[in-house]
Amino acid sequence: MATTPYVASIRPRFDGSAGPRILGPREGKAVDLRALGVRFMIWGEESGGSVSLVEHPIPPKTLVAPLHRHAREDEYSYVLEGRMGAQLGVEVVHAEVGDLVFKPRHQWHTFWNAGDGPCRILEIISPAGFEHFFDELGEQMAATNAPNAGAILAESDLPARYAIEFQPESIPRLCQEHGLVFPGT
């Protein structure tokens with residue numbers, strides 16, 4: 001199995017021999033991507049590159065991203081709070097607290113908060129590495145005060161470096177069909 005360039009150089013950062021590590025509910029680096037938040041819980045460097053874990057709080061009735069697909073990683077969304085909607089290929093699904101949604105690499109997909117209240121999911125990314133996309137995007141958005149991620153991604157090499165494709169033209173349709181908003185549009 002070939003390793004991807006951004007995972008190949010990962011070395012363990014957390015040494016388990018030092019004892020247990022507990023990450024509290026308000027701990028860990030966090031970034032605001034307007035359409036969702038990202039709280040970094042497990043970095044790929046901590047798992048030897050096998051997995052990363054982020055928490056995504058999503059505002060009510062908010063589309064997280066246009067349709068997109070990953071070439072390198074699978075994603076698993078575990079709903080902690082609220083109701084998540086997702087388009088997986090051509091199928092639309094809704095997930096409640098305790099549900100796990102699989103978003104395999106190479107499949108066009110997106111997701112959103114399908115409720116009027118908070119939605120929080122744990123996003124398991126395998127193999128690790130894509131968490132750095134969120135980190136870099138958050139830093140670029142903060143530095144430029146961009147209204148949404150699309151404003152950065154259109155001018156950035158991030159999609160190419162992280163092997164992700166976007167369909168920004170899907171945003172208006174998704175918002176209209178599901179009664180959503182996408183920040184900055």
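Any read-out appearing in this document is the output of simple, stated calculations on the displayed coordinates, not a laboratory observation. Since this is a predicted model, take the numbers as computed values, not measurements. With ideal geometry, Cβ positions are generated from the backbone for all residues, glycine too; neighbour counts draw on all protein chains shown.
To the nearest 20 Debye, how big is the dipole of the chain about its Cα centre, given +1 on the beta carbon of each Lys and Arg and -1 on that of each Asp and Glu? Can you show the working numbers first?
Details: 16 positive and 24 negative charges, 16 e Å.
With only Lys, Arg, Asp and Glu charged at Cβ, the dipole is about 80 debye.
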Inset, instruction - Quick one: angle between helix 131-144 and the longest Cα principal axis of the chain, in degrees between 0 and 90, rounded to 10, please. - result: 60
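222 nm [θ] for the chain, helices only, -39500 (n - 2.57) per DSSP H run of 4+, per residue, to 500?
Values: 5 runs with 35 residues, N = 185.
Result for the chain: -4500 deg cm²/dmol, rounded to the nearest 500.
What is the ratio of the Cα radius of gyration of the chain to 2.2 N^0.38 Å, with N the residue count, to two decimals? Walk me through the intermediate numbers first.
Values: Rg = 16.0 Å, N = 185, 2.2 N^0.38 = 16.0 Å.
Scaled against compact globular proteins, the figure is 1.00.
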Inset, instruction - Can you pull the one-decimal nm distance between simple spin-label points at Glu27 and His94, each 7 Å off the Cα toward Cβ? - result: 3.7
Legend entry - the stretch 25-114: equivalent-ellipsoid semi-axes (sqrt of 5 x gyration tensor eigenvalues, Cα, Å): 20, 17, 12
Inset, instruction - Take every Cα pair under 8 Å in the stretch 28-178 that's 6+ residues apart, average their separations, divide by the length, and report that relative contact order as a whole percent. - result: 29
